[in-house]
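Novice: Please find one structure pasted underneath; my questions will follow.
The values are calculated or read from the model by the stated rules, or taken from the named source; none is laboratory data. Nothing here was measured: the structure is a model prediction, and the numbers come from that model. Quick reminder, even Gly has a Cβ in these numbers, built from the backbone with ideal geometry, and neighbours come from all protein chains shown.
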Amino acid sequence: MFEKAIDFIRALYGDREFIPLHEPVLGEKEKAYLADCIDSTFVSSVGAYVERFEREIARYTGATHAVATCNGTAALHAALTAVGVDAECEVITQPLTFVATCNAIRYCGAEPAFVDIDPRTLGMCPASLERFFKEHTREEATGPVNTATGRRVAAVVPMHTFGHPCEIDTIAEICGRYGVPLVEDAAESLGSFYQNRHTGTFGKAGVFSFNGNKILTTGGGGMIVTDDDALAARLRHLSTTAKLPHPWRYEHDEVGFNYRMPNLNAALGCAQIERLEELRNKKRKLAEIYKDFFGKIGIEFYSSPFGDASNHWLNALVLKGSEERDRFLRLTNDHGVMTRPAWEPMHRLSMYAACFRTPLPATDEMAARLVNIPSSANFTEGLFA
Ligand SMILES: *Cc1c(COP(=O)(O)O)cnc(C)c1O
């Protein structure tokens, strides 16, 4: 059964020696914009491509503002800081995520607290979040406080796992009711919508990543989107060393960050976003091909309950348990087909093991069963037409 899967994936990607999990699609447009950027001499964090890329992302997502950063982790750190997360606080997130979500919380000096995922969406479970507020917080003048840790709950950070939207409208409604800012980790979900609204636009702020393995890449890069004018202004200020605008004076009014996206990276982004629909279509097609194939050989292929509203960034199988998963991982990787398990859940990493958490049965189960399989958009479609 697993051998069939290996043969199939190898055929899909032209039987190369090594098939990576996800590689970017780059071409002439990327080279042309990069060359133009170099010719302009504006290769650093001031330049026309940065502003243009911000406008493009704002337009595509429907957000009022977009602020470009040097990577997604920096975007998360700046966004959390700007919504008021500090060393006294706690931030509710899901344990099934990339470590950057929790690291950004810790950069603020705050502590993550974990609620479970919904096994259908792989994202934060709204019922688990509601239960956290009901059973573990008391209302104070500054907002909800975790009764066990004494920490103020300063933000909720759900993540759209593998690009698939979580039930973000319900999560936004709960956050609104408890008066806690919602910051979406939409790092993986550019091109994913929830009820026709782009992921990342449901709360105070949303964060995207353009790392080399994401659906769209700038080499390294990130973006914060928000509809809040004051928050956008603060994010621009914070991410550019908090320098006061002046033609020659160098004066700063707080400890800011050097988090701005360089123009070179933005040039790449401007070229990439012109392909976003093409990439999105390719990925929809790939998910369809995989679903059909794995259905036939009796292996469960993860499908989002929201179907093609997802960008289908990273495809996943749901194996029977950790033993079968490990057998699959060993066999595929031994045959040059890169696969990997879901991230080790955050509550099992030494840095976050002591963090407050509610019961996490769905996280534990799915983490033992999920495997990501090659998902690059450059597969040979013709084979399956
Ligand atoms: C990629 C990713 C990030 C961080 O992005 P970088 O650009 O690599 O810093 C954050 N959260 C999640 C869920 C991610 O997948």
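Novice: Pull out all pairs, ordered by first then second residue, where Cβ-Cβ is under 7 Å, the residues are six or more apart or on different chains, the first lies in region 64-87 and is under 21 Å from residue 267 (Cβ atoms), and the second is among the aromatic types (Phe, Trp, Tyr) and surrounded by fewer than 24 Cβ atoms within 10 Å (Cβ to Cβ).
Specialist: What qualifies is 69/259; 70/259; 74/257; 74/259.
Novice: Inside region 201-210, can you point out the residues that are more than 9 Å from the ligand (Cβ to nearest atom) and assigned to a strand (DSSP E or B)?
Specialist: Those that are more than 9 Å from the ligand (Cβ to nearest atom) and assigned to a strand (DSSP E or B): 205, 206.
Novice: Which of the numbered conditions does residue 280 fail, given that it passes all the others? Conditions: (1) assigned by TED's automatic domain parsing to the domain that holds residue 161; (2) in contact (Cβ under 8 Å) with a residue 60 or more places away in the chain.
Specialist: Failing condition for residue 280: (1).
Novice: Right, another one. Looking at the structure I just gave you, is residue 197 surrounded by fewer than 24 Cβ atoms within 10 Å (Cβ to Cβ), more than 26 Å from residue 24 (Cα to Cα) and among the charged types (D, E, K, R)?
Specialist: When the stated conditions are applied, residue 197 does not pass them.
Novice: Tell me, which residue of region 57-75 that is buried (at least 21 other Cβ atoms within 10 Å of the Cβ) and farther than 22 Å from residue 85 by Cβ is farthest from the ligand (Cβ to nearest atom)?
Specialist: 61
Novice: Related question: Conditions: (1) part of a loop (DSSP other than H, G, I, E, B); (2) away from the ligand (no atom under 16 Å from the Cβ); (3) touching a residue at least 24 places away in the same chain (Cβ under 8 Å). Residue 150 meets all but one. Number of the miss?
Specialist: (3)
Novice: Only residues in region 358-370 that are more than 20 Å from residue 112 (Cα to Cα) count as the first member; pair them with residues that are aliphatic (A, V, I, L, M) and outside any loop (DSSP other than H, G, I, E, B), Cβ under 9 angstrom, at least 6 apart or cross-chain, and list the lot.
Specialist: Taking only residues 6 or more apart or on different chains, the pairs are 366/117; 366/318; 369/317; 369/318; 370/316; 370/317; 370/318.
Novice: Which of the residues spanning region 275-307 are among the acidic types (Asp, Glu) and under 22 Å from residue 210 (Cβ atoms)?
Specialist: Residues satisfying the conditions are 277, 278.
Novice: Scanning region 211-257 for residues that are within 15 Å of the ligand (Cβ to nearest atom) and not in a loop (DSSP other than H, G, I, E, B), which turns out farthest from the chain's Cα centre (by Cα)?
Specialist: 239
Novice: Checking the structure you have, find out if any residue of region 183-200 is on the phi < 0 side of the Ramachandran plot, in contact with a His (Cβ under 9 Å, 6 or more places away or on another chain), within 15 Å of the ligand (Cβ to nearest atom) and among the β-branched types (Val, Ile, Thr).
Specialist: yes
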